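Step one of this worksheet: look at the structure below.
The values are calculated or read from the model by the stated rules, or taken from the named source; none is laboratory data. Given the structure is predicted, the values throughout are model-derived calculations rather than measurements. Ideal geometry is used to build each Cβ from the backbone, glycine not excepted, and the neighbour counts take in all protein chains shown. When the accessible area is computed, the model is the full protein with side chains, heavy atoms only, and any ligands, DNA or RNA have been set aside. Shrake-Rupley method; radii C 1.70, N 1.55, O 1.52, S 1.80 Å.
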Amino acid sequence: MPGKLKAKIVAGRHLPVMDRASDLTDAFVEVKFGNTTFKTDVYPKSLNPQWNSEWFKFEVDDEDLQDEPLQITVLDHDTYSANDAIGKVYIDIDPLLSSEAATVISGWFPIYDTIHGIRGEINVLVKVELFNDLNRFRQSSCGVKFFCTTSIPRCYRAVMVHGFVEELVVNEDPEYQWIDRIRTPRASNEARQRLISLMSGELQRKIGLKVLEMGGNAVVGYLQCFDLEGESGLVVRAIGTACTLDKLSNTYTPATAINPCNSSPSKDIKEAGFGEEAPGVPLSSGPPTPLRAQTFSSFSPSKSYSRQSSSSDTELSLTPKTARICLSPSSPTLQSKSSPIPTTKALRSTTPPPLHVSQSDTAMLRKSVSFSEDLLLAASGMGSGGSAGKEAGPLKALLRQQTQTALEQREFPFFTLTSFPPGFLLHVGGVVSARSVKLLDRIHNPALGNTRSYKLLDWNSFTADEPETRDAWWEEIRQEIKSHAKALGCHAVVGYSESTSICEEVCILSASGTAAILSSRFMQDSALDTEHRLSRQQASVFTSGAEKGEGDMGSTASLGFEDLMSPGCAFCHIPYDELNMPFPAQLTYCHCCRRYKVPDVLFTTIDLPTEANVTGKGCLIQARLCRTKKKAQGEGNATAISNLLPFLEYELHTQLMNKLKLRSMNALFGLRIQISVGENMLLGLASATGVYLTALPSPGGIQIAGKTPSDITYEQHISNMQKKINDTIAKNKELYEINPPDLVEEVIGSPIPEPRQRSRLFRSHSESSDEVSELDLSHGKKDAFVLEIDDTDAVEDIHSLLTDAPTPPGFYSCNTEIMPGIYNWTSALQMFTSVRVFRLSNVNLTNQGLNKVFNDLCENLLKSLYFKLRSMVPCCLCHVNFTVAVPEDELIQVAVTAVAMSFDKDQTQENGRQSIDKNLMKAITENEDQLQFPLELSAESSSNPLNSAKGLSEVSGPLPSARAPSVDYSSFTDRCSSWIEQLRLKAHTIRCGSIKTMSSLEKASPLPEGRSRSLRSNRSYAGSSVTVVKMTPLSFIPGTKIIKYLGIINMFFIRETTSLREEGGVSGFLHSFIAEVFAMVRAHVAALGGNAVVSYNMKECVFMENPNKNQAQCLINVSGDAVIFVRESELEATPPQPHSASAQTSSSGEGT
Amino acid sequence: MSVELDVFVGNTTIMDKEVYQLWLNGYTVNDAVKVRIEGGVMEECEASAEVLLSDTMDQFRTFQMCERLLQNPAKLANQLLFQIPPDRQAMLIERYYAFDDDVVREVLGKKLSKGTKKDLDDVSAKTGITLKSCRRQFDNFKRVFKVVEELKGPLVENIKQHFLLPDQLARDYAAIVFFANNRFETGKKKLQYLTFQDFAFCAGQLINNWTVGAVDNMVEDMDVDLDKEFLQDLKDLKILITDKDLLDQHKSLVCVALRGKTKVFNEMEANFKNLSRGLVNIAAKLTNTKDVRDFFIDLVEKFIEPCKSDKWTATDVNLYLTHYTNSAHILDTFKHQNVWTRYMGVIKSCILRMYHE
C-alpha cells in the first residue's frame, strides 16, 4: 500500500570549507529514498546555505517505508571534477509510521562522514502520509510500536503480554566482499551503515508482522544485535516481548501527575503504568474475577471465613490441590511430583503444629476453588492444543491464545522484560543460562544478492536436515534454556537476553534469563472490570469498617490494591518441588511470612521487583575472570573453548557467591554474565546488584580453612585472613545498612497471643534458619562458604575479595534500574560512556597475573568514574553496564555505560519510611490479634488473592520445598554448558509491609518533596538554541513524567581515520566519535520533538586500530526510546487532586 | 602493560573549572596532575595519582576538542557535539578569553603579526607564563582584531556580540584592538611603569572622544581610527603657544587661579610655558601617524616627567590641568573652544591615570 513520504531541505550551518581558494563551499543536497533521488539547487559560496527547497515527495510502499532510511547527502558542487561529498544523514522514518508516536521530524541533524566525523548540520523536515491498508497479506507492520524499555512503558498499560518474538536476518558484509579487496574506506563504511540500517528496518518490520499475527500492537524490551561474523557475513537479530498496550487516557494524567511526586519516583514510575489501570475502568482481568471477589469476601468478613478455612482438614486440601495442579502452569512432571507433597508435608508437619499445614492448604483450597474458571480454560486449551506436547501443555494452557499461530509462538515462553506489572511475576526460580560454541562458516545463501532472511517461520517444522543456520543455533539454545527452566519447576523465563562473542571463526552464543512463574493475568484477554470494581468496593467497605486510625487507612487503602500487587516476599518462594530439586540447595522458611520455603541465595537477571522487601541498600557486585587459552584453529579452538567454559562459569559463580557473602547479602538482581573470547584468552565478567532480601535467610560468614593445620604460622596466617574477612563483612553491613536481626526480632516479637504455637513455630524456624547457615559450613555447599586456603584458586578468590575497593563515601552503585534504599532522587543526572583498552605487554602471563590485570582494570575504571562524578555526591551509579572484549591478541577492552543520579542526602524521608513501616507492622499485628487466624489472614489478603486473582494458583508457593544455588554442568558437548542458578522464593504474610509503607509514605511526604525537587530541576537552560536532551539507560527520569514515546532510536555508525595521530591518538579518536554518536542521538530525538532518551544502551563498540599505519576504525551501535517528559513541577501546577475516591486509591496504589 | 586508550564521555560534558584553568595556563598533563595533587584533591576524594592522571588527560582532551568552538563562541551555543549548560558555556568562553595583563602589556600596540608571535617566547620567559598560554592569548587578540576590524558599529558592542564576552573583558579587548590598530608605542623604557589597565583606560578615553565613532556611529572602523578632521583641527590650537599674548594671558589666568592652592606653585609658574607648549605641540603633531604612535611617550616626556621632577602630587596635576583647560575658555581671542575641550578632556584623564606617584 502506498504512503507518501515528504522531505524538505531547509538550511545548513557550520559547513566545512570545501574550497580552499575562497574558504567557502558550494553546497547542494541529494535526498534519496529507495531508488528515487532528488537534488536541491546549489547554494553557492556559503558555509550556512539556505536551500529552502520544495517538498520532495516519494510515493512508496509501506514495506519500504519500514525498511529504508531516508538518505540525505550533502555535497560540494565542483564544476570541473566530481562533486565532493561533505557527509550524510540517515533518518529512520519508522517513528512517523505509528499514529501515537511522532508526527513530523524537523530539526538540525549533524552531517556525518565516516572519515571526518561531524561536519556541520542540516535542517530537514520530514512527513509521512499513510493510507489505510486493509490488505490482509501485507508484508508491512506499520503502527506496531517498539520499545527498548524492558518494562511496560510509562504511559501505557498492558492489556496483554503475548510473549516472545524473535527474528534474524543475514547478509554478506560489504566490508568483506569489497571488489578485489581494494577497500575504499568511505564507500565500504557507508555501504555497511546503509546495509545495517536496511536490515534493522527489515527485521523490525518482520517482528512487527509476528506481533500483529499474535494480536499485539507493540514490542517491549526490544533488543537488536549485530554479529559481525567477518567473512561469513553479517547477522542482525532481535528479540522482544509482544504486548498489547493501551495508551493511558488523559483522564488519568492528573492522577499520575500527583503521584510521581511521592517519595519514590523510581518505583512509582515503574508501576504507574499498571497502577493507573487500577481505577479499573477498562480492565482486562482474566477469569480470576470470581476468585477475587471471593478473596475479598474472605477477607473482610474475615472471622467467619477464616474459621471455616481453619476447620478444613488436610484431606480437603488435598483435593483442591490436584485440581490446582491441572490448571496451574506447573509441568506434568511436577504434577506427578506434587501429589506426594501433601503427604510429605503432613509428615513434616508432625513437628510443627498441624495447624500450620492445614492452614496453608486451606488457603490453597480457596484458591483452587476460585480457579474453577481457569481450570476450564486450561482444559479447553489442552484440548485445542492437542498433543502439542505434554511438556508445554500447562504452560500453553496458561498462555493460551485463541489462535494456533500464537500458540506456536509460545514454543518459547520467554520474556525480555526485567520488571513487571505488579502481580505478574509470581515466583522466581533462578538464573538459567546456556552457551554454545559454534564454528562460523559461510552462511548458506540460496537467494543471491538481496538481503534475505533464513528464518524458519515455524519452529516445529524444523528438521535436522535443514542446512545449519543461525536460527537453528539459537533454537537449540532456547530449547536448553526452556528445559532448564522446567527443571526449576518454572514455566517461563523472564529477563531473557541473548548475546554472542566472536573471535575469528569461533562464535560463542549465550542466552540467559530467570526461570519464573508468571500469573496469567496479562495473558488472557477478557476484560472483567466489574469484578474488579466489586473487589475494590469491598476493600473500601473494609476500610471504612476498620477501627484503626490514619495509619490503618493507609494500609487498607493498599489492601484494596493487593489484588494487583504481590507482597514483598512472594516472588522469593521456591517454585520447584522440594523433593525433586535439580540441584542441592538449602531451604528455609520465608523470613517474612514464615509459610513458604525460600532458598538461601537467589540469583536473577531481572530488576528488583518494586514490591520486594529489602533490608538496607544494595551494591554492584562483579566477578571477573581471565583465563589463558592456547592459540588454535577451527575445530580444535572451538573444543578448547568449550572445555574451558564450564570452569570459567563455575569460578565466576563462586566469585559472585563469595563477594555476595562478603557484603552480607543474599540475592543478586540484574545478573549479566559476559564471556568474551580472544585468540589466546577467555574473559568472563559477571555483574549484578547484590541486595539483602528480607525474606531470605541471612547469609553465613565466610570461613577459611587450611588443609594442613599443623604449621602454627600458617594457622596464624589463616586466622589473620579470617579476621580480615570478618571485619570486611562487618564493615559492609554497616555501609549497606544491613541490619536484619532487628527485623527478624520484630516479626517474632510481635505480640501474637492467640496462635501461640504458631509463634513458637516461627521462632523455631528462625532459629533453625540461623543455624542453617552455620550448618552449611559442614554441609554440602562448601565452596560457597568455606575457602580452603591450600587451593590456589581460593587464594586468588580471597585476594580478589579483599582487593575490591569499597565505593568512596557518598557513592552507591548498582546495575539495576533502581537502588533499594534510595528514594529521594533529584533530577540531576549524568549518563556517560567510558572505554578503556589495556595492552598486555607480557605475553607469558599466568592465569593469576591475567586475573589481576583484568581485575585492576575494572576496579580502576570504577575508581575513575567515582572521581569524575564526585561533584554529584551523594549519588548512585545506576544501570552500570560493563562490556568486555578482546579486540586483539594482547588487548582487553572494557566499556561502561551508566547513569549517575544524585539523591537528597536528607535521610529523614527514609527514616520516616522505616518508622511508618514499623508503626504499620504494629498496627497490623494488633489488627491481627483481634482476628482469629491472623497469619492466615494476612497471607491471604496480601499474597494469595493476588496470585489467584491472576488466575494462577499458588503453584509454587505452597510447596514447601527447595534447596539452593548450584551449578549444572551436565550438558557440554560442543555446546558449552549451562548453569542454573537457583533462587528462591518465599511466601508472605505478616509483612505486607512494603505496600503499606509506601502508600502511607506517599501520604506523608509527597508534595513538599516534589516541590523542592522541582525547584532544583527548574534551573533553566534558557538562552541555548539547542534542545537539551537527557539520556539515561533507565526507563525513567526521576522527578519527571514521560508523557509520550516517540519511537525507537536504533543507530549504527562507523568511523574511520587514516590520520590517527593527528586526531589525538586512539583516545582522541574514540572520544570524539562517542561524543559524535551522542550528538547524533540527541539530534534525532530533538527532531522527533523529544527531550530525552530512556533505556539508552550502547550495544556494540568495536574498536580496531593499526597505529603503525596511523589508522583506526570503530563501530558503535546504540539504541533507546525517544520520549517527551515533563517535570513534575509543571504537572503540579495543574490541580493535583483527582476527585473520585477510586482515583485516590489508585494513586496511592501507584505510589508504592 | 599499559592503558592504551582511556576515554570518558558524558552526555552533559563534564568540565572541572580547576582543570580548565590549568589547561588554559598551558600546563602539560603531568604538570597539571602535580598541581592537582598538591591542591589536595586526592585526599578529598580518595583518588590515586593514576585516577587523577586519567581524569586530567581526559579533560584536557575535551578542552582541546572544544577549543575549535571556543574560537568562535557564537558556535558554541548552537553546536550539537557537546551538551554544555549555558552557564558553563559562558564560563568556558570567559576564561578562554581571559588574559594576563603582563602578557598583553608586552604586545600592546605591536602589530599582531607572525613576527610578534615569534617573539612570544621572550614574553613567556619574561612573564613566567607558559608559551602555550601566551600563544593562546595572542591568538585571541589577533582573532578578535580580525573579526571586529571590518565591522560597523561600536567596537565594544561588536566584541560583546561576536565573542559573547562580559562587558569589562570586551572593553579590554577593545583597548587591545585599538592599540594594535594605531600601533601606539608602549614598549619604551619610560613607559614601562604603566600597566595594561592604565593603557586600557586611556584607550577607552580615546575611543570615546577622539574616534570617528564619537561623532558618527555608523561608519566602518569608527571606533578604531582617530577622527581625521579632529586631528586636523587640533593644529589650530597652536595659537595658544605661538601667540605670545595669548600664552601670557593664559599663564596669568592659571596662576591667579592656582595661587595659594598648591605647594608647587612656583615650579608651576616657572614651567607653565614649557608644559603648555608640550601639550599643544602634541595636539598639533597628531596628524602624523608617527606622532600618534608616540602619543603616550610624548605625554610622559613633555608633561609627566617635568611634573614629577618638580614633585607634583596627583592633586596638583589635577588642579593644574583643570584650570589650564578652563582658563583657555576665558581667552577672548581663542576661538577653538570645542576642539580644545575635546582634546583636553582626554588629555587630562589620560595624564591623571598615567601619573603614578
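The figures follow:
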read-out: Point-to-point label distance, A:Y650-A:T37, nm (Cα→Cβ direction, 7 Å offset); value: 6.1
read-out: Partner chain coverage, peptide B:48-58 - average Cβ within 10 angstrom; value: 4
read-out: Peptides A:160-171, A:610-621 ordered by average Cβ neighbours within 10 Å, highest first; value: A:610-621, A:160-171
read-out: Accessible area (Å², 1.4 Å probe, nearest 10) - A:L1034; value: 0
read-out: Value of D in µm² per second that Stokes-Einstein yields for the range B:228-354, Kirkwood Rh from Cα pairs, at 20 °C (1.002 mPa s); value: 147
read-out: Dipole of the range B:101-214, positive end: most advanced residue of B:N140, B:L112, B:V177 [Cβ charges, Cα centre]; value: B:L112
read-out: Value of relative contact order over the range B:98-202, rounded to a whole percent, pairs C-alpha under 8 Å and six or more apart; value: 38
read-out: For A:T1058, solvent-accessible area (1.4 Å; no DNA, RNA or ligand), Å²; value: 80
read-out: Amide H contacts of A:A27 (H built 1.01 Å from N, under 5 Å, at least 5 apart or other chain); value: A:Y43, A:K45, A:S46, A:H77
read-out: Among A:13-22, A:479-488, the order from most to least packed when residues are scored by Cβ within 10 Å on average; value: A:479-488, A:13-22
read-out: Flagged links, alpha-carbon separation over 24 Å, of A:K1030/A:K1099; A:K39/A:K127; B:K114/B:K228; B:K235/B:K348; value: B:K114/B:K228
read-out: Charge tally in the Cβ shell below 13 Å around B:D119, where Lys, Arg are +1 and Asp, Glu are -1, B:D119 excluded; value: +4
read-out: Charge context of A:C1114, other residues only, Cβ under 11 angstrom, K/R +1, D/E -1; value: -3
read-out: Under 5 Å, built H, 5+ apart or other chain: amide partners of A:M160; value: A:T244
read-out: Counted charge near A:C858, where neighbours are those whose Cβ lies closer than 12 Å (Asp, Glu -1; Lys, Arg +1); value: +1
read-out: Under 5 Å, built H, 5+ apart or other chain: amide partners of A:Q703; value: A:V786, A:L787
read-out: Degrees, to the nearest 10: B:314-330 long Cα axis against longest axis of chain B; value: 50
read-out: Relative contact order (percent, whole number), the range B:66-145, Cα cutoff 8 Å, 6+ residue spacing; value: 28
read-out: Long pairs among B:K75/B:K152; A:K733/A:K1041; A:K723/A:K852, criterion Cα-Cα beyond 29 Å; value: A:K733/A:K1041
read-out: Interface area, A with B, accessible, probe 1.4 Å, both sides summed, Å² nearest 100; value: 4200
read-out: List of the range A:863-899 residues, accessible area with partners at least 40 Å² below that of the chain alone (1.4 Å probe); value: A:F867, A:K868, A:R870
read-out: Rounded tilt (10° steps) of B:265-285 against the dominant C-alpha axis of chain B; value: 70
read-out: Stokes-Einstein D for the range B:17-85, Kirkwood Rh over Cα pairs, 20 °C, 1.002 mPa s (µm²/s); value: 165
read-out: Taking chain B and dividing mean pair separation by its residue count, relative contact order in percent (alpha carbons under 8 Å, at least six apart); value: 14
read-out: Accessible area expressed per residue, the range B:228-354, with surrounding protein chains retained (probe 1.4 Å, Å²); value: 46
read-out: Total charge dipole magnitude, the range B:212-357, about the Cα centre, Cβ charges on Lys, Arg, Asp, Glu only, Debye to nearest 20; value: 620
read-out: In order through the range B:194-207: 3J(HN,Hα) via Karplus (6.51 cos²θ - 1.76 cosθ + 1.60), integer Hz, x for Gly, Pro; value: 7, 8, 4, 4, 4, 5, 4, 5, 4, 4, x, 4, 4, 4
read-out: Phi-based couplings in Hz for the range A:215-229 (Karplus 6.51, -1.76, 1.60; Gly and Pro marked x); value: x, x, 9, 7, 10, 10, x, 6, 10, 10, 9, 10, 10, 8, 8
read-out: Accessible surface, 1.4 Å probe, highest first, among residues B:V7, A:V159; value: A:V159, B:V7
read-out: Cα long-axis angle, helix B:29-39 against chain B (0 to 90 degrees, to the nearest 10); value: 80
read-out: Accessible area of the range B:101-214 belonging to carbon and sulfur atoms, whole % at 1.4 Å probe; value: 49
